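J.: One structure coming up, written as structure tokens, with questions to follow.
The values are calculated or read from the model by the stated rules, or taken from the named source; none is laboratory data. None of these values were measured; they are calculated from a predicted model. Glycine gets a Cβ as well: all are built from the backbone with ideal geometry, and neighbour counts include every protein chain shown. The area values use the complete protein model at the heavy-atom level, side chains included, leaving out ligands, DNA and RNA. Shrake-Rupley method; radii C 1.70, N 1.55, O 1.52, S 1.80 Å.
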Amino acid sequence: MRDRQVSHGARRAREYEAFVAGAAGRLLHAATLLTAEAPHANPRARRLLTLALAHTYARWDRLRGEDPYDCARQYLATRSARATWHRYGAFGRARPDPRSPLAALAPQERLILVLRLYEGVAEEQAAALLGLPVERVHTLCDRATATLLHPARPAGPRAVGTKVAPS
């Protein structure tokens with residue numbers, strides 16, 4: 001009996017290590033996008049990834065045919081949503097890095113955009129995951145995409161003494 005438990009534990013560890021080796025890079029990138037940190041300086045994203053991987057490991061034996069990547073991604077999304085929407089923990093209090101490509105987006109827009117476009121999650125799945133209506137997910141994704149495609153131009157200083165032509 002003891003030998004079987006040891007072999008099960010070793011097999012579980014090998015499977016989990018293989019999962020982490022294959023998925024950690026993509027999950028870290030998704031977490032970095034969610035936290036809007038710079039790719040080379042992303043302590044909040046690394047913490048979020050660590051929590052997601054720990055959660056996935058704790059559920060490993062109960063996954064039974066489910067994709068562990070989906071479990072980790074779901075945890076990333078819900079933890080990020082809870083942290084930013086409810087101002088819970090360090091994730092919600094920090095400001096996005098201005099060098100991040102998604103820094104101009106609100107946290108909810110960033111979450112929807114990462115799930116929909118980076119992760120390829122369907123609108124219906126994203127809505128169910130976040131507890132939002134499908135229409136809201138669609139609207140947030142459209143708004144976030146428009147913000148990224150057509151960024152607001154900062155008002156530049158005008159030269160003194162120049163006149164603006166009437167419209």
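J.: Accessible surface of residue 79 in the full protein assembly, 1.4 angstrom probe, to the nearest 10 Å²?
T.: Per-residue accessible area (residue 79): approximately 40 Å².
J.: Compare 67, 3, 97 by solvent-accessible area with a 1.4 Å probe and give them largest first, with all protein chains kept in place.
T.: Solvent-accessible surface, decreasing: 3, 67, 97.
J.: Quick one: length gained pulling residue 4 to residue 104 fully straight, 0.36 nm per residue minus the C-alpha distance? Write out the running numbers ahead of the final one.
T.: Values: separation 100, 0.36 × 100 = 36.00 nm, distance 5.31 nm.
Gain on stretching residue 4 to residue 104: 30.7 nm.
J.: Sticking with this one: Roughly how big is segment 1-138's charge dipole about its Cα centre, with Cβ charges of +1 (Lys, Arg) and -1 (Asp, Glu), in debye to the nearest 20?
T.: Dipole about the Cα centre, nearest 20: 580 debye.
J.: Which Cα, out of 43, 30, 16, lies furthest along the positive dipole direction of segment 7-49 (beta carbon charges, K/R +1, D/E -1)?
T.: 16
J.: A further question follows. Quick one: which residues, 5+ away or cross-chain, put their amide H under 5 Å from the amide H of residue 38? H built at 1.01 Å from N.
T.: Residues meeting the criterion, in which the H sits 1.01 Å from N, are 97.
J.: Say R0 is 22 Å: what FRET efficiency, to the nearest 0.05, do residue 134 and residue 60 get from their beta-carbon distance?
T.: 0.10
J.: What distance in nm separates the simple spin-label points at residue 152 and residue 82, each placed 7 Å from Cα in the Cβ direction?
T.: Label-label distance for residue 152 and residue 82, simple model: 3.2 nm.
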